[in-house]
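Asker: Pasting a structure below so you can have a look.
The values are calculated or read from the model by the stated rules, or taken from the named source; none is laboratory data. It should be emphasised that the depicted structure is a prediction, and the values quoted were computed from it without experimental measurement. Because the Cβ atoms are built from the backbone with ideal geometry, glycine has one as well, and the counts that use them run over all protein chains shown. When the accessible area is computed, the model is the full protein with side chains, heavy atoms only, and any ligands, DNA or RNA have been set aside. Shrake-Rupley method; radii C 1.70, N 1.55, O 1.52, S 1.80 Å.
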Amino acid sequence: GQQLNQSPQSMFIQEGEDVSMNCTSSSIFNTWLWYKQDPGEGPVLLIALYKAGELTSNGRLTAQFGITRKDSFLNISASIPSDVGIYFCAGQLFSGTYKYIFGTGTRLKVLA
Amino acid sequence: DTGVSQNPRHKITKRGQNVTFRCDPISEHNRLYWYRQTLGQGPEFLTYFQNEAQLEKSRLLSDRFSAERPKGSFSTLEIQRTEQGDSAMYLCASSNTGKETQYFGPGTRLLVL
């Protein structure tokens, strides 16, 4: 199935460091969503973006909808051990469908 | 708001058997989605409903798979004649028209022996 390009695939960081990850595509998207998934559980919604250029924060998380509508990034500031998990982006195509396409995931490990 | 629920959480079956999963969306949500997720991958779209109408199906949804949402509330996903390649996490999500934000259930993990 179709999936978005998400990078990096995985990262180890020290507690307290800032983290940045992004999603890119050749397609134009209407909406971007960012999720976190823990092992054996469903994805949990972190941030939703609806407009090109939109910058939205949720606590230590900040995400932006790219101006071209083809990309998005997620930043986590001052990471803590519970930030460990897999982060997925999901885009809703700007083409009349309401389905979402997911990224391949960024696996984050935080070293205390 | 009790969130999206899925049952069962785990299912082990033998190859060739039929299985059925249930999803109960957030009560006021009119759209319901099914995804499949294999290890190390992001969720892959299978199908979605708006109310009781099934509006789109992925090519991943072979003729052994069928999904229903008869009254526009809960949905079922049935897999007939299961194969080992069907082993995966099956995720359900729901959203509402005008606010395209999907909320996921905990998933049903299927293992086909």
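Asker: Take the residues of region A:9-48 that are polar (S, T, N, Q) and open to solvent by less than 40 Å² (accessible area, probe 1.4 Å): which is farthest from residue A:67 (Cα to Cα)?
Answerer: This residue is A:37.
Asker: So how many residues does region B:12-31 have that are over 16 Å from residue B:65 (Cα atoms) and of a type outside the set (Asp, Glu)?
Answerer: Here the count works out to 8.
Asker: Name the residues in region B:61-74 that are touching a strand residue (DSSP E or B) at 6+ places or on another chain (Cβ under 7 Å), closer than 26 Å to residue A:37 by Cβ, open to solvent by less than 50 Å² (accessible area, probe 1.4 Å) and outside any strand (DSSP E or B), would you?
Answerer: B:61, B:69 - these are the residues of region B:61-74 that are touching a strand residue (DSSP E or B) at 6+ places or on another chain (Cβ under 7 Å), closer than 26 Å to residue A:37 by Cβ, open to solvent by less than 50 Å² (accessible area, probe 1.4 Å) and outside any strand (DSSP E or B).
Asker: In region B:88-113, what residues are free of Cβ contacts under 8 Å to residues at least 40 places away in the same chain and in a loop (DSSP other than H, G, I, E, B)?
Answerer: The answer is B:98, and nothing else.
Asker: Condition test on residue A:109, is it more than 10 Å from every other protein chain (Cβ to nearest Cβ), in a strand (DSSP E or B), basic (Lys, Arg) and at negative phi?
Answerer: yes
Asker: Checking residue A:46 against (1) of a type in the set (A, V, I, L, M); (2) closer than 19 Å to residue A:109 by Cα; (3) away from chain B (no Cβ under 14 Å), only one condition comes out false. Which one?
Answerer: Unmet for residue A:46, out of (1) of a type in the set (A, V, I, L, M); (2) closer than 19 Å to residue A:109 by Cα; (3) away from chain B (no Cβ under 14 Å): (3).
Asker: Residue check, residue B:49 against (1) of a type in the set (Phe, Trp, Tyr); (2) open to solvent by 20 Å² or more (accessible area, probe 1.4 Å); (3) within 13 Å of chain A (Cβ to nearest Cβ), all met but one. Which one?
Answerer: The number of the failed condition is (2).
Asker: Just for region B:1-46: of the residues that are polar (S, T, N, Q) and outside any strand (DSSP E or B), which one is least open to solvent (accessible area, probe 1.4 Å)?
Answerer: Among residues in region B:1-46 that are polar (S, T, N, Q) and outside any strand (DSSP E or B), the one least open to solvent (accessible area, probe 1.4 Å) is B:30.
Asker: Which of the residues belonging to region A:59-72 are within 12 Å of the chain's Cα centre (by Cα) and crowded, with 19+ Cβ neighbours inside 10 Å?
Answerer: A:63, A:64, A:65, A:71, A:72
Asker: Just give me the residues in region A:76-103 being closer than 11 Å to residue A:21 by Cβ and either open to solvent by 20 Å² or more (accessible area, probe 1.4 Å) or in contact (Cβ under 8 Å) with a residue 60 or more places away in the chain (or both), in sequence order.
Answerer: A:86, A:87, A:88, A:89, A:103
Asker: Can you tell me which residue within region B:78-113, out of those that are open to solvent by 30 Å² or more (accessible area, probe 1.4 Å) and of a type in the set (Asp, Glu), is farthest from the other protein chains (Cβ to nearest Cβ)?
Answerer: B:78
Asker: Need the failing condition index for residue A:86 against (1) in contact with a Phe, Trp or Tyr (Cβ under 8 Å, 6 or more places away or on another chain); (2) outside any loop (DSSP other than H, G, I, E, B); (3) within 11 Å of another protein chain (Cβ to nearest Cβ), just the number.
Answerer: It is condition (1) that residue A:86 fails.
Asker: Run down A:50, A:35 and say which single residue is within 30 Å of residue B:60 (Cβ to Cβ) and modelled with pLDDT of 95 or more.
Answerer: Result of the check over A:50, A:35: A:35.
Asker: Kindly evaluate residue B:55 against the criterion of being open to solvent by 70 Å² or more (accessible area, probe 1.4 Å), closer than 24 Å to residue A:93 by Cα and assigned to a strand (DSSP E or B).
Answerer: Yes: the conditions hold for residue B:55.
Asker: Exactly one of these conditions fails for residue A:51: (1) out of contact with any Asp or Glu (no Cβ under 9 Å at 6 or more places or on another chain); (2) closer than 29 Å to residue B:90 by Cα; (3) open to solvent by 70 Å² or more (accessible area, probe 1.4 Å); (4) within 14 Å of chain B (Cβ to nearest Cβ). Give me its number.
Answerer: (2)
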